[in-house]
Amino acid sequence: MVKSAKNDDFCLGCTNYKKDKTGCSRVMARSYFYKYMGIEDDTPAEKVEIKSGLKIPPPNSETNQAQPEDITVAEDEQDQHNIKSADFNPVYYGKSDLNSVIQIILQCLEDISTKYFYGISMLTDVLRGSANKKLISRKLDETSLYGSLSHIRREDITFIIEWLIKNNYILKTKGMYPVLHPTYEGRHYGETITRNKLIKLKSLLEQDDKENEQGD
């Protein structure tokens, strides 16, 4: 038996070795011999050394957790729906028809959710046409509805989104970094909304305006 300098493994010499030092000069590695003879090698496995520069995070580490408003959509969830507005007389809040505003919000959420799920802040930024660096880096400024509600105050858009969440048109996940998902009711908004609901929403928006004015 000899010791290999290359891999520090023991090798078995040729079995037909002769006294005059002749023979086939072949050797058999220990691992091959064990496998050939059906013997289990009880030698501990060698430690694997990770080269510098390679970073392999441990399971459940923070590096594996989703970052705020940055959750990738699985390929089997990347379907897109054309959300329609309801067919009834407009309900105006200021100069904006709430029916149209909500349809835009839901369609914008649907569009950006084909790649990533985001929270209220990012959705509002897209609708307002913000130059948010993360928004631009994700190419959300290329969304067809980018900046479509730039004429509406940010707080009003946020208020409407929260109303949509409360009324099950949008799902908001729980946890440290909640994100928004389109719901069945949201994707079928034109079929599930009623004019009375929009009238109530208008009343809530106007009430909120009054409270903010009193607070100022």
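The values are calculated or read from the model by the stated rules, or taken from the named source; none is laboratory data. This one's a predicted model, so the numbers in the text were calculated from it and none came from an experiment. Backbone-built Cβ (ideal geometry, glycine too); neighbour counts: all protein chains shown.
Each row is one residue, and each column tells you yes or no for (1) crowded, with 19+ Cβ neighbours inside 10 Å; (2) touching a residue at least 40 places away in the same chain (Cβ under 8 Å).
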residue: Val126; (1), (2): yes, no
residue: Ala131; (1), (2): no, no
residue: His151; (1), (2): no, yes
residue: Asp156; (1), (2): no, yes
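Scanning the stretch 100-112 for residues that are surrounded by fewer than 21 Cβ atoms within 10 Å (Cβ to Cβ) and in contact (Cβ under 8 Å) with a residue 40 or more places away in the chain returns Gln103, Ile104, Glu110. So, Tyr116, is that one among the hydroxyl-bearing types (Ser, Thr, Tyr), surrounded by 15 or more Cβ atoms within 10 Å (Cβ to Cβ) and at pLDDT below 95 or not? Against the criterion (among the hydroxyl-bearing types (Ser, Thr, Tyr), surrounded by 15 or more Cβ atoms within 10 Å (Cβ to Cβ) and at pLDDT below 95), Tyr116 qualifies.
Considered as a group, the residues in the stretch 174-193 that are in contact (Cβ under 8 Å) with a residue 40 or more places away in the chain and of a type in the set (Ser, Thr, Tyr) include one that is surrounded by the most Cβ atoms within 10 Å (Cβ to Cβ), and that residue is Tyr189. Elements of the type helices (runs of 4 or more DSSP H) sitting completely within the stretch 107-216 and holding at least 1 residues that are within 17 Å of the chain's Cα centre (by Cα) and not assigned by TED's automatic domain parsing to the domain that holds Gly94: there are none.
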